[in-house]
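**Student:** Can you read through this structure? Questions will come right after.
The values are calculated or read from the model by the stated rules, or taken from the named source; none is laboratory data. What you are looking at is a predicted structure, and each value in this text was computed from that prediction instead of being measured. Neighbour counts are summed over all protein chains in view; Cβ atoms, including those assigned to glycine, are modelled from backbone coordinates with ideal geometry. When the accessible area is computed, the model is the full protein with side chains, heavy atoms only, and any ligands, DNA or RNA have been set aside. Shrake-Rupley method; radii C 1.70, N 1.55, O 1.52, S 1.80 Å.
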Amino acid sequence: DIIRPGNVVETDKLPSDVRKRAMDAVDSSGGRVTIGDVASRAGLKLDEAEKALQALATDTGGFLEVSDEGDVLYVFPRDYRSKLAAKSFRLKVEPLFEKSKAAAEYLIRVSFGTALIVSIVLVYTTIISLLSSRSDEDNRGRRGRSYDSSFAVFFRPSDLFYWDPYYYRRQRIRTDRMNFIESVFSFVFGDGDPNQGMEEERWKLIGQYIASNGGVVAAEELAPYLDVLPIKESDDESYILPVLLHFDGHPEVDEEGNIVYRFPSLQRTASAQRSGRKEYVGKKWAEWVGGVQKFFEEKKWPFSKAGTSEKALVVGLGGLNLFGVIVLSNMLKNVAVMPGGFISFVSDIFPLLQIYATSFFAIPLFRWFLVRQTNAQIEKRNRAREQRAQALEMPDSTLRRKLLSARDMARQTVISPDRIVYSTEKDFSEQDYEAGDWDRRFREL
């Protein structure tokens with residue numbers, strides 16, 4: 001396809017993460033999906049899944065199928081990714097942008113670490129120059145000497161401070177040992193949120209759990225994946241409200257008066273999935289989620305991923321820099337600096353050097369207290385979710401009846417190709433015949 005000015009590519013209007021997650025869900029489903037399939041497998045909201053499927057179908061030549069019960073399916077050709085790549089300018093430039101961004105991130109990290117070395121060199125070179133000048137004055141008995149140096153400096157104050165918004169994301173997947181220059185950034189600013197991207201995984205897990213259990217679950221089943229209080233502190237089920245909003249669910253009351261939650265859109269699928277069974281209540285609870293973790297566990301924030309030796313070196317050099325800044329501050333108060341030259345340059349940027357030296361320890365100290373507080377909250381949430389998971393493994397009689405009721409009410413509709421009565425891929429007249437033929441075969445059956 002030729003990209004022409006004015007042509008609209010619907011997929012380009014989607015957020016990148018929504019597009020990628022939707023396409024991965026389509027691939028895992030074999031290219032034939034319902035909105036519920038994509039929502040549950042990608043962890044997307046139903047309206048996000050629907051918009052993504054409509055945009056993908058429009059741009060890749062996908063078509064719609066309608067079942068005998070009015071369910072809509074989206075069907076994509078095997079080469080839909082290549083078709084989309086040929087049409088979308090955004091998809092073509094994204095790889096180049098990612099590579100450029102990665103290179104820029106590396107330069108930023110290296111520059112920030114290098115700033116520590118540059119600061120130490122500037123500070124101690126200035127101290128040595130001032131001491132040398134004072135010695136010369138004492139020997140010559142002169143006063144009012146101007147301090148200067150032919151030392152050439154190729155340095156900008158702006159190089160002292162950098163902020164890398166993508167450094168944290170890259171550190172989450174790093175397995176190699178970082179070098180000293182990178183460890184400077186890690187010590188001062190940390191390595192970012194270790195749980196970045198896990199919210200997406202949480203919704204995927206919840207969606208797949210609901211779908212695999214026929215679209216009907218008890219609140220207690222989802223509690224191990226949500227932010228809940230310990231059982232003794234609260235028996236309120238309001239924690240399930242975000243799930244109801246996310247996947248368009250609603251409560252139902254069974255014959256015994258128990259409240260369970262049905263998600264109609266996740267009950268209809270284009271591919272057969274194993275649904276929950278009564279005998280999975282209790283001891284075999286882990287099988288409900290395909291053997292994955294029994295509860296959603298957040299990772300604790302590390303202070304720094306730098307090694308012990310790297311951190312010791314960073315602290316030592318940072319302390320050396322701070323000590324030099326303090327000494328130089330006292331020296332500059334007692335001398336007259338003439339404009340121009342190396343010492344004059346250092347004197348002009350000295351406030352920045354002071355900020356850098358103090359922030360080098362102030363920021364990590366603040367982060368240390370913040371990390372402790374954050375990890376305490378994470379530990380509390382993890383314990384509450386683990387407790388909820390243990391309650392499911394050994395449910396009491398009330399909870400067991402509730403879980404069995406949810407399994408009884410579960411229903412999964414697999415929309416196979418023989419149930420399709422209309423498709424946008426074929427002519428209407430041809431499908432009228434097929435619909436009539438299906439009606440005749442249904443009466444015979």
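**Student:** Calculate, for ARG411 and LYS299, the FRET efficiency according to 1/(1 + (r/R0)^6) with r their C-beta to C-beta distance and R0 35 Å; round to the nearest 0.05.
**Tutor:** The calculated FRET efficiency here is 0.45.
**Student:** Rolling a 1.4 angstrom probe over the protein chains, ignoring ligands and nucleic acids, what is the accessible area of VAL315 in square angstrom, nearest 10?
**Tutor:** 60
**Student:** Quote the convex hull volume per residue of the stretch 387-428, based on C-alpha atoms, as a whole number of Å³.
**Tutor:** 125
**Student:** For the stretch 84-98, what does the Karplus curve 6.51 cos²θ - 1.76 cosθ + 1.60, with θ = phi - 60°, yield as ³J(HN,Hα) per residue in whole Hz, taken in order and with x for Gly and Pro?
**Tutor:** 5, 5, 6, 9, 8, 5, 5, 5, 6, 8, 4, x, 5, 5, 5
**Student:** Would you compute, for the Cα atoms of the stretch 293-408, the largest minus smallest coordinate along each principal axis and list the three values in descending order, in whole Å?
**Tutor:** Cα extents, longest axis first: 88, 26, 18 Å.
**Student:** Got a sec? What order do ASP235, ASP24 fall in by accessible area at 1.4 Å, biggest, i.e. largest, first?
**Tutor:** Correct descending sequence by accessible area is ASP235, ASP24.
**Student:** Also, I was wondering about something else. How long is the gain from THR358 to SER234 if the chain were fully straight, where each residue apart is worth 0.36 nm and the alpha carbon distance is subtracted?
**Tutor:** Taking THR358 through SER234 to full extension adds about 40.1 nm, to one decimal.
**Student:** Let me ask something additional. How about LYS402: which lysines have a C-alpha closer than 17 Å to its C-alpha, ignoring those fewer than 8 places off in the same chain?
**Tutor:** Reachable lysines: LYS278, LYS283, LYS284.
**Student:** Find how many whole Å separate the alpha carbon centroid of the stretch 188-218 from the alpha carbon centroid of the stretch 343-367.
**Tutor:** Value for the Cα centre distance between the two parts: 41 Å.
**Student:** Another one. Taking R0 as 35 Å, what's the FRET efficiency between LYS333 and ALA103 from their Cβ-Cβ distance, rounded to 0.05?
**Tutor:** Approximately 0.20, to the nearest 0.05.
**Student:** Based on the Cβ-Cβ distance of SER28 and ARG419, what FRET efficiency does E = 1/(1 + (r/R0)^6) give at R0 = 25 Å, to the nearest 0.05?
**Tutor:** 0.70
**Student:** Also, quick follow-up: Among the listed pairs LYS13/LYS45; LYS13/LYS300; LYS13/LYS101; LYS101/LYS300, which have their C-alpha atoms separated by more than 25 angstrom in this model?
**Tutor:** Violating the 25 Å Cα-Cα cut-off are LYS13/LYS300; LYS101/LYS300.
**Student:** Once you have all Cα-Cα distances for the stretch 220-270, histogram them in 10 Å bins from zero and send the whole-percent values.
**Tutor:** Taking every Cα pair in the stretch 220-270, the percentages come to 21, 49, 27, 3, 0.
**Student:** Compute, for LYS45, the solvent-accessible surface of its heavy atoms (probe 1.4 Å) with the complete set of protein chains present, and express it in square angstrom to the nearest 10.
**Tutor:** The accessible area of LYS45 comes to roughly 90 Å².
**Student:** Turning to a different aspect of this structure: Would you mind computing, in nm to one decimal, how far apart the modelled labels at ILE259 and THR374 are, each placed 7 Å from Cα along Cα→Cβ?
**Tutor:** So the label points at ILE259 and THR374 sit 3.4 nm apart.
**Student:** How far is it, in nm, from the label point at GLU94 to the one at ASP79 when both lie 7 Å from their Cα along the line to the Cβ?
**Tutor:** 2.1
**Student:** Under the Karplus relation 6.51 cos²θ - 1.76 cosθ + 1.60, θ = phi - 60°, what is the ordered set of whole-Hz ³J(HN,Hα) values for the stretch 262-270, x standing for Gly and Pro?
**Tutor:** Once rounded to whole Hz, the list reads 10, 10, x, 5, 8, 8, 10, 9, 8.
**Student:** Could you compute how much accessible surface TYR124 exposes when probed at 1.4 Å, giving the result in Å² to the nearest 10?
**Tutor:** Spelled out: TYR124, probe radius 1.4 Å, area about 60 Å².
**Student:** What is the spread of the Cα atoms of the stretch 1-102 along each of their three principal axes, largest first, in whole Å?
**Tutor:** 48, 29, 22
**Student:** What length, rounded to one decimal in nm, is gained on full extension from SER132 through to THR398, with 0.36 nm per residue of separation minus their alpha-carbon distance?
**Tutor:** 87.2 nm
**Student:** P(r) tail for the stretch 10-51, what percent of Cα pairs lie past 12 Å?
**Tutor:** Result for the distance tail: 50 percent.
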